[in-house]
Each structure stands twice: as C-alpha cells, then as structure tokens.
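Following: one structure in structure tokens, then a few remarks.
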Amino acid sequence: MSMSKKIKMLMLEREVTQIQLAGKLGTSLSNLANKLKRDNFSEKELVQIAKILDATFEGRFVLNDTDRSI
C-alpha cells in the first residue's frame, strides 16, 4: 500500500480534510494534493503528518489511542 493511501486512510480516521492538513503543515492545498498524487513525502514530512494526526510514524502509522497500524 502506498504512503499516500495510508495518509488518506489516517485522515479519514481522524476526520481531517486535505485543506485542514495542508494548513497545519504550513503548505498550500495544491502542494499537498500534488505530493499525495505523486506519493512523494520525505521522512520529516511523514513524521510531521503523524504528529498532526496524533499518530506515530514508524514506516507506518500507529494510532496512539488504539495502537492500530495503518
């Protein structure tokens, strides 16, 4: 499963839109949408996304409240 798909699943789980995530990342919606389309994230960005969405990045996302991996 691609990292973009995992991020989208995590966003659904946390009920966060792309607009909201882009704002919290300090980037534009179009930049985030392009990164999701290309599946092009640095590890630093993935750690930041995980923190914003209350998860831990370990090459995968682990939900802190349920320990479920995505």
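The values are calculated or read from the model by the stated rules, or taken from the named source; none is laboratory data. This one's a predicted model, so the numbers in the text were calculated from it and none came from an experiment. Positions of Cβ are backbone-derived with ideal geometry, glycine not excepted, and every protein chain shown enters the neighbour counts. Accessible surface is based on the protein model in full, side chains and every heavy atom, while ligands, DNA and RNA are left aside. Shrake-Rupley method; radii C 1.70, N 1.55, O 1.52, S 1.80 Å.
Structural remarks
- Looking only at residues in the range 1-20 that are aliphatic (A, V, I, L, M) and over 17 Å from N64 (Cβ atoms), the one that is farthest from the chain's Cα centre (by Cα) is M1.
- Residue pairs whose Cβ atoms lie under 8 Å apart, separated by 6 or more positions or on different chains, with the first residue in the range 47-70 and touching a residue at least 24 places away in the same chain (Cβ under 8 Å) and under 16 Å from K24 (Cβ atoms) and the second part of a loop (DSSP other than H, G, I, E, B) and open to solvent by less than 50 Å² (accessible area, probe 1.4 Å), are I49/F41; I52/V16; L53/V16; A55/I70; F61/L53; F61/I70.
- Top-ranked residue in the range 16-31 [being of a type in the set (G, A, S) and open to solvent by less than 60 Å² (accessible area, probe 1.4 Å); ranked as farthest from Q48 (Cα to Cα)]: S28
- Looking across the range 36-70 at every residue that is over 15 Å from V16 (Cα atoms), among the aliphatic types (A, V, I, L, M) and under 9 Å from the mean Cα position of the chain (by Cα), the one that is least open to solvent (accessible area, probe 1.4 Å) is identified as L46.
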